[in-house]
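Comments concern the structure below.
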């Protein structure tokens, strides 16, 4: 989160306030051969996803990113420094000690004290990087184009 990025404690306080193709049929004069090829083609066609499954990998990635961002936000706003820190990218963890980060998370808890659900969410994903924008009922903590990175298959906040 931009407002939650680890800079300094004082700066943080001010920021907190403020596809499979069917096989080709070979020409044949035998109609039963054509019917067999068409039948096999229909049997091997991919089944449409059920309404509860993501339609494709991009949709799945979008949902995984939204879940990670909400989990990070919840941990940060409720003072769960260890959980929030674990959702920082390796690059950010190398730049800030957990004790300093935990101090910022404690301040956020004293200001907000509870998890806040997103009122809106959008993400521009490009490979293993993303820019995420999300809003809350508290405008001061809205995030715009927050950087996220996928490390070992999991999204991590990368705004440090």
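Here are the numbers for this structure:
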read-out	value
Rounded if a/c under 1.5, otherwise prolate or oblate - the range 79-160, Cα gyration tensor axes	oblate
Highest-first arrangement of 145-155, 121-131, where packing means the average Cβ count within 10 Å	145-155, 121-131
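A short reminder: the numbers here are calculations on the coordinates, not readings from a lab. Quick caveat: nothing in here was measured; it's all calculated off a predicted structure. Note that we place each Cβ from the backbone using ideal geometry, even for glycine, and neighbour counts take in every protein chain shown.
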